[in-house]
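None of the figures in this text is laboratory data; all of them are computed from the coordinates on show. Nothing here was measured: the structure is a model prediction, and the numbers come from that model. Every residue, glycine as well, gets a Cβ built from its backbone with ideal geometry; the counts of neighbours run over all protein chains shown.
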Amino acid sequence: MASLGWSANVSCDTGPVALSTFTASNTASGCYQIDKTFSDFTVTSQSSSGGVTQSASTIAITGSSDFTSLATPWNVTTTFTPASAGNFTASAAGSNTGGTFTMLVDSAETFMTSPTFPSTLPSNLYITTVAFSATANTSSGGAGSGSEIFCVGSSACTGGLTGNQIDLKFSFTNSNVITYTCTVASASAGATCGAASSASPITVTFNSLIQTLNMTNQYNVKDTTASAALTNFSFVFGEEQATPEPSALILLGTGLMGIFALRYFPQIRNRFQMSFTSSMVGSVIASQATAETSEGIAQGRRQSALATAWSSFRKPRESSSE
């Protein structure tokens with residue numbers, strides 16, 4: 001598949017498809033699976049001491065899903081494997097094979113279209129969860145690790161006390177048994193780990209409905225005294241179609257019915273306009289009456305004050321004349 005020209009995007013489930021098939025650092029170049037698109041791939045090698053140099057030609061992607069209908073939440077899975085046998089292996093004593101690759105994951109056709117996209121508005125489909133897993137092949141003397149750093153949106157993730165990144169990790173040492181950990185940088189990440197550490201893959205649940213993830217994936221295997229290899233690592237994205245609350249649907253339906261009536265029934269529109277005009281005139285008259293009443297009260301108070309003052313002025317004079 002690596003030799004295919006990039007005249008059109010392809011379905012992930014036609015894989016394994018080498019990442020070299022896609023145009024590097026291009027948001028519109030990638031593969032699709034149901035509503036999900038994977039694009040904007042970059043690969044950097046971190047191999048050393050005789051390890052296999054990593055590139056877009058050594059990593060392949062395969063997609064699958066359990067989608068049946070929009071009414072039932074579904075999962076989209078992407079699995080990354082060696083594009084050729086031995087690409088994820090450290091077989092020389094002291095060697096390290098590893099790399100980092102990045103991608104954008106989207107469920108709303110923000111960056112590229114998907115022919116398999118369900119017949120619904122893109123804004124209705126959301127990512128609800130993410131899980132990260134791996135399969136290793138080693139024995140005593142081999143080790144490996146990997147991490148998935150991701151965040152909501154297409155911008156670069158940030159760490160630290162106020163960062164928005166989520167970090168899923170796996171590791172194995174001297175056996176194929178893998179341990180998983182999960183860390184959320186802060187509340188800004190908008191997600192919750194299913195567990196801090198576990199012998200099983202950990203699921204991250206988002207606190208709100210999201211559509212785009214920026215993902216950075218790192219993997220490494222090391223031969224200390226024995227060969228070590230990664231068979232694959234996978235990401236499972238929980239999906240659902242969000243539906244409005246019943247009250248929102250009622251309000252929306254009522255509003256649409258009102259607009260339809262005003263548009264297609266002139267007598268209703270005229271009656272509405274007359275009612276609106278009468279209401280506005282009534283409001284103006286009421287406001288004017290209120291203003292006049294207020295002015296009348298103020299004038300009465302001024303007259304009362306003048307009468308009181310005149311009375312006070314006359315009393316001393318009347319007393320003196322007596």
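Points worth noting:
- Were the residues from Thr158 through Asp66 laid out at 0.36 nm apart, the gain over their Cα-Cα distance would be 29.9 nm.
- Taken along the Cα-to-beta-carbon direction at a fixed 7 Å, the label points for Ala85 and Thr181 span 3.6 nm.
- Each of Thr58, Thr37, Thr27, Thr158 was scored by other Cβ atoms within 10 Å of its Cβ. Arranged with the fewest first, they read Thr158, Thr27, Thr58, Thr37.
- Sum of side-chain charges, Ala92 neighbourhood, beta-carbon under 14 Å (Lys, Arg +1; Asp, Glu -1): 0
- Computed FRET value (nearest 0.05) for Asn137 with Thr23, which takes r as the C-beta separation and R₀ as 41 Å: 0.80
- Computed lengthening from Ala196 to Thr224, 0.36 nm per intervening residue step minus Cα-Cα distance: 7.3 nm
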